[in-house]
Amino acid sequence: MTAPALTLTDLTRILRESAGEDESVNLDGDILDTPFAELGYDSLALLEAASRIEREVGIRLSEDALGDAETPRLFLNLVNEPITSTT
Amino acid sequence: MSGHTVVTGIGVIAPNGVGTEEFWAATLKGVSGIDRISRYDASGYPSPLAGEVSDFDAAGHLSSRLLPQTDRMTQMALAASDWALADAAVDPAALPEFGMGVVTASASGGFEFAQHELQKLWSKGPEHVSAYQSFAWFYAVNTGQISIRHGMRGPSGVLVTDQAGGLDALGHARRHVRKGTGLVVSGGVDASLSPWGLVSQITSGRLSRSADPERAYAPFDTSADGHVPGEGGAILVLESEASARDRGARIHGTIAGYGATFDPAPGSAREPGLRRAIELALADAELAALDVDVVFADAAGVRALDRIEAEALAAVFGPYTVPVTAPKTMTGRLYSGAASLDVAAALLAMRDGVVPPTLHVPDQAPDCPISLVQDTAREMTVRTALVIARGHGGFNAAVVLRAAPDGDRPGTP
């Protein structure tokens, strides 16, 4: 069984739900490589989103690795890596 | 000396009015915000009444980034800080960030937010607890969020002295202004009416158990048997008089005097500290008792405490002399928000030449020899006002306010 990979759409939905959305940012735009800081999300917002993802997907993410995932692309790679590799 | 500290901005959020003018109009008309708790079924609680702020739209004021990380008290404090700065006609972005500070009072912290997270902790597990719980409930969070929102990185802090905090914060903010911080946002806003917050307050033994909004909170009355809790408060902008004049700001009034004392240990035969706090504030203002036009009372609503306050006032001013009022009979006691709201009301009384009334004191106790302004507002010139606040645990604080000199009030009709 392969769990469905987390998509950018999933990530932006979870970010909106758990940490809200900065008015000056378009989360539906091309943001894969935009640093979270520029999207208005600090480390606590990412921690909050990560904990939601851990619950939804049923995985554990390392806090050190989370700290290095500075863009949505890196974040998605981190989340989807264990899902695909452990099945 | 030219070192006066003045109030240039007021932002109010109260159970009987959201926004300064809404609150003031309701207060002068004697409109009470005390009613049965509406946000949950409180019929099973021994104290089912509160002064709730019912028409505050947090989402209309704050970004969706802020909503998930803030308790109700912080959402209200942030809105009030916006209004206070707008009232002061200050653009914080145009001022040096280390020249602006924030000093608020807090009595209980973010109980509603914390209750939700603790419920998740026990019902679902620790991984369901919000990361924002790390700061959303602690005492200093209103100061921190106001500081972040307006880019104020100067001297800041929080005062935790229960209801006295609303004045202690202003006293401390004034110290920062005197030491050279150009502008300090101060005051207090509390909102601890969630079930957990309410139950915690009930343990003080000072909450009224009446379910009748017109009888429950009757300070200085023979029937006084506790207070009704409320939520909200006021945020004020303090500046040095010199810098306020330099920028042509409208001045609501001067924080002319401040005094704080601590009560002797329970059971001591020594006099409670309240009279001394009043005298310290008057001395600090270099004013005599005769100069005071009106007193905004602490109005505990507990017989023994009412008697202590009335005796202190009678000792300083003489029995049944200076007009005394307690508009908090229309809001309930707002903890750290109460005294800041009284300071706002006193400044508005100076502006409009009218003192708001005290409601629902049908049978004033003979051992409370004070001249209460009852039931209807009283038109009178107010140049000097005394505001009193006491906090559970022995805190006493008093602030003397002076009106801005005539002719220095551009923008006032």
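The values are calculated or read from the model by the stated rules, or taken from the named source; none is laboratory data. The shown structure was predicted, so the numbers you read here are calculated from the model rather than taken from an experiment. Note that we place each Cβ from the backbone using ideal geometry, even for glycine, and neighbour counts take in every protein chain shown. When the accessible area is computed, the model is the full protein with side chains, heavy atoms only, and any ligands, DNA or RNA have been set aside. Shrake-Rupley method; radii C 1.70, N 1.55, O 1.52, S 1.80 Å.
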Modelled label-to-label distance, residue B:265 and residue B:134, 7 Å Cα→beta-carbon offset: nm?
-> 4.2
Sequence-separation-based contact order of chain B, relative, with Cα cut under 8 Å and 6+ spacing, percent = 23
Over the stretch B:5-246: Rg over Rh, Cα atoms, Kirkwood Rh | 0.99
Taking a temperature of 20 °C and a viscosity of 1.002 mPa s, what whole-number D in µm²/s does Stokes-Einstein yield for the stretch B:144-287 with Rh from Kirkwood over alpha carbon pairs?
-> 118
What distance in nm separates the simple spin-label points at residue B:124 and residue A:43, each placed 7 Å from Cα in the Cβ direction?
-> 2.5
Dividing the helical contributions, -39500 (n - 2.57) per DSSP H run of n ≥ 4, by the residues of chain A yields a 222 nm value, nearest 500 deg cm²/dmol, of -15000 deg cm²/dmol
3J(HN,Hα) from dihedral phi, the stretch B:301-316, Karplus parametrisation 6.51/-1.76/1.60, rounded to Hz, x for glycine, proline = x, 10, 3, 5, 6, 4, 5, 4, 5, 5, 5, 5, 5, 5, 5, 7
For chain A, accessible area per residue (1.4 Å probe, heavy atoms of protein chains only), Å² = 56
Taking alpha-carbon centroids only, the stretch B:360-388 lies from the stretch B:173-230 a number of Å equal to 19
Scale the Cα Rg of the stretch B:99-164 by the rule-of-thumb value 2.2 N^0.38 Å and send over the ratio, two decimals.
-> 1.31
List of the stretch A:3-33 residues, accessible area with partners at least 40 Å² below that of the chain alone (1.4 Å probe) = A:19
May I ask for the net charge around residue A:19, where only other residues with Cβ less than 11 Å from the Cβ of residue A:19 are counted and Lys, Arg are +1 while Asp, Glu are -1?
-> -2
Tell me, what ³J(HN,Hα) does each residue in the stretch A:5-14 have, in order and in whole Hz, if you take phi through Karplus 6.51 cos²θ - 1.76 cosθ + 1.60 with θ = phi - 60° and put x for Gly and Pro?
-> 5, 6, 9, 4, 4, 4, 5, 5, 4, 5
Provide a list, ordered by number, of residues in the stretch A:41-66 showing at least 30 Å² less accessible area with every protein chain present than when their chain is taken on its own, using a 1.4 Å probe.
-> A:44, A:48, A:55
Can you check how the C-alpha radius of gyration of the protein assembly as shown compares to 2.2 N^0.38 Å, as a plain ratio?
-> 1.06
What longest range of chain B stays clear of loop-exposed trypsin sites (Lys or Arg not before Pro) (DSSP non-H/G/I/E/B, at most 11 other C-beta within 10 angstrom)?
-> B:271-413
In whole angstrom, how far apart do the alpha carbon centroids of the stretch A:9-40 and the stretch B:312-330 sit?
-> 56
Proximal aspartates and glutamates relative to residue B:179, as straight alpha-carbon distance under 12 Å, when same-chain residues fewer than 8 apart are discounted | B:239
Farthest positive-ward along chain B dipole, Cα basis, beta-carbon charges - from B:93, B:373, B:216 | B:93
Starting with the highest mean, order B:127-139, B:222-234 by the number of other Cβ atoms within 10 Å, averaged over the residues of each peptide.
-> B:222-234, B:127-139
If you wrap a convex hull around the Cα atoms of the stretch A:8-85, how much volume per residue is inside, in Å³?
-> 82
The stretch B:234-239 - phi-based ³J(HN,Hα) in whole Hz, Karplus 6.51/-1.76/1.60, Gly and Pro as x = 8, 10, 10, 9, 10, 9
Taking residue B:328 as the anchor, which lysines have their alpha carbon closer than 18 Å to its alpha carbon, excluding any fewer than eight residues away along the same chain?
-> B:29
The B/A contact buries a total accessible area, at probe radius 1.4 Å and rounded to the nearest 100 Å², of 1000
How large is the accessible surface per residue of the stretch B:5-246, computed with a 1.4 Å probe and reported in Å² as a whole number?
-> 36
Summing +1 per Lys or Arg and -1 per Asp or Glu among the other residues with Cβ less than 14 Å from residue B:147's Cβ gives 0
Once you mark the GluC sites (Glu not before Pro) that are in a DSSP loop and have at most 16 other Cβ atoms within 10 Å, what is the longest gap between them in chain A?
-> A:24-69
Once amide hydrogens are built 1.01 Å from N within the peptide plane, the residues lying 5 or more places from residue B:225 or on another chain with amide H under 5 Å from its amide H are B:218
For the stretch B:257-404, what % of the accessible area comes from carbon and sulfur atoms, probe 1.4 Å?
-> 53
Quick one: if you take sqrt(5λ) for each eigenvalue of the C-alpha gyration tensor of chain B, what semi-axes come out, biggest first, whole angstrom?
-> 29, 28, 19
State log₁₀ I(q)/I(0) for the stretch B:47-126 at q = 0.25 Å⁻¹ as given by the Debye formula over alpha-carbon point scatterers of equal weight, solvent excluded.
-> -1.34
GluC sites (Glu not before Pro) in the stretch B:241-327 lying in a DSSP loop, each with at most 15 other Cβ atoms within 10 Å of its Cβ, come to B:286
About the Cα centre, charge dipole magnitude for the protein assembly as shown (Lys/Arg +1, Asp/Glu -1 at Cβ), debye | 1060
So which residues of the stretch B:118-132 lose at least 50 Å² of accessible area, probe 1.4 Å, when you go from the chain by itself to every protein chain present?
-> B:127, B:131, B:132
For chain B, what is the calculated [θ] at 222 nm in deg cm²/dmol (nearest 500), taking -39500 (n - 2.57) for each run of four or more DSSP H residues and dividing by its residue count?
-> -9500 deg cm²/dmol
